[in-house]
Amino acid sequence: TRGCIKHVPHTHLCTHLLTGSRDPLTLLALSRALIVSVSSFYPDVDLSARPGTARDTQKLHRALCSRGFSTRILNDPDAAEIHEAFKSESEQAVDGCFVGVISSHGEEGLVFGADGRRVQLSKIYSYFGGPKMAAKNKLFLIQACRGHLLDDGVELETDSVGCEDSGLSECASVPPNTVVMYATAPGYGAFMNWTGSIFLQTFCTFLEDGGAELEVTHLLTRISHHIAHHFSARGGKLQGKKEMPCIISRLTTDFYPFIDSGKNKSFRLLATELLDRPYTIRKNSIS
């Protein structure tokens, strides 16, 4: 796809082909995306493999490229490579917007690199408060556990999370003009199976079925509604457990990251039509 760069390293940061201002690929895409996907960990790291990660990555790549993003994939990086990749992205100007996706094992406020070392999400977000990116709209999607609790499906009044709940330092590190969506609430586990994660698969489905036309907070709210009301885990102690995504927004204007003005002008299927479509549930595991 024009404007899309697909890298598939194992644990090393691959060469970024979009750095030079004279590079024609840079000029083709107004917006950029970075997908960091950790499916396998070093042999001496006590973290299990994540077999659905490749399917998430493939579907994300297709969905973002179809919306005109120059998309970079980083597979199984260590912690230092994750920091380096996001820091590099934050130091490059973008005409449109930036989307960053991280999929790995995690705990509250952090994710793990393939080497088992911790990556503080507050540090990743803080990179994007610099001069190149502070004024640009940014979206981060975090597919990772935020603890070990399992959600029994308690009815909530909101799908957003306040700074008091998610950790003051992490919330404060989110720069202006940024929205962050987590797969799950603070303290809880996130689900995936061999077909991928519930969160990222649902995100891609909404993009492909009309959600790209929505303002981003409306899109994310509909995704939260769909997962909260139509997903239930299966298998052993996970049977019937739920997942509730959470959103932190520091947007100051409406943000339409996925409208591709050159394509699909006649395609107006609203994502709300997806709200009553149930999942075909397979046996799940903790992400």
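The values are calculated or read from the model by the stated rules, or taken from the named source; none is laboratory data. These numbers come from a predicted model, not from an experiment. Backbone-built Cβ (ideal geometry, glycine too); neighbour counts: all protein chains shown. The area values use the complete protein model at the heavy-atom level, side chains included, leaving out ligands, DNA and RNA. Shrake-Rupley method; radii C 1.70, N 1.55, O 1.52, S 1.80 Å.
When you scan segment 99-109, do you find a residue that is in a helix (DSSP H, G or I), under 24 Å from Y256 (Cβ atoms) and not hydroxyl-bearing (S, T, Y), even just one? Within segment 99-109 (the criterion being in a helix (DSSP H, G or I), under 24 Å from Y256 (Cβ atoms) and not hydroxyl-bearing (S, T, Y)), the answer is no, since none of the residues qualifies. The criterion of being of a type in the set (K, R) and modelled with pLDDT of 95 or more does not hold for K6.
Kindly indicate the residue of segment 205-244 that is in a loop (DSSP other than H, G, I, E, B) and on the phi > 0 side of the Ramachandran plot and also modelled with the highest pLDDT among those meeting that condition. Looking at the filtered set, the residue picked out is G210. Can you find a residue in segment 197-204 that is within 20 Å of L60 (Cα to Cα), surrounded by fewer than 24 Cβ atoms within 10 Å (Cβ to Cβ), modelled with pLDDT of 90 or more and under 17 Å from the mean Cα position of the chain (by Cα)? Checked segment 197-204: at least one residue is within 20 Å of L60 (Cα to Cα), surrounded by fewer than 24 Cβ atoms within 10 Å (Cβ to Cβ), modelled with pLDDT of 90 or more and under 17 Å from the mean Cα position of the chain (by Cα).
On the given criteria, is E108 under 25 Å from M192 (Cα atoms), modelled with pLDDT of 95 or more, open to solvent by 10 Å² or more (accessible area, probe 1.4 Å) and more than 13 Å from the chain's Cα centre (by Cα)? No; evaluated as a whole, the condition is false for this residue. Can you find a residue in segment 63-70 that is in contact with a Pro (Cβ under 9 Å, 6 or more places away or on another chain), among the aromatic types (F, W, Y), open to solvent by less than 10 Å² (accessible area, probe 1.4 Å) and on the phi < 0 side of the Ramachandran plot? Yes, some residue in segment 63-70 is in contact with a Pro (Cβ under 9 Å, 6 or more places away or on another chain), among the aromatic types (F, W, Y), open to solvent by less than 10 Å² (accessible area, probe 1.4 Å) and on the phi < 0 side of the Ramachandran plot. Among the residues of segment 48-94, those that are hydrophobic (A, V, I, L, M, F, W, C) and not in a helix (DSSP H, G or I) comprise A49, F69, I73, L74, A93, V94. In segment 247-263, the residues that are more than 15 Å from D209 (Cα to Cα) and among the small types (G, A, S) reach residues that are at pLDDT 95 or above and open to solvent by less than 30 Å² (accessible area, probe 1.4 Å) with C-beta atoms within less than 6 angstrom, at least six apart or across chains, in these pairs: S249/V179.
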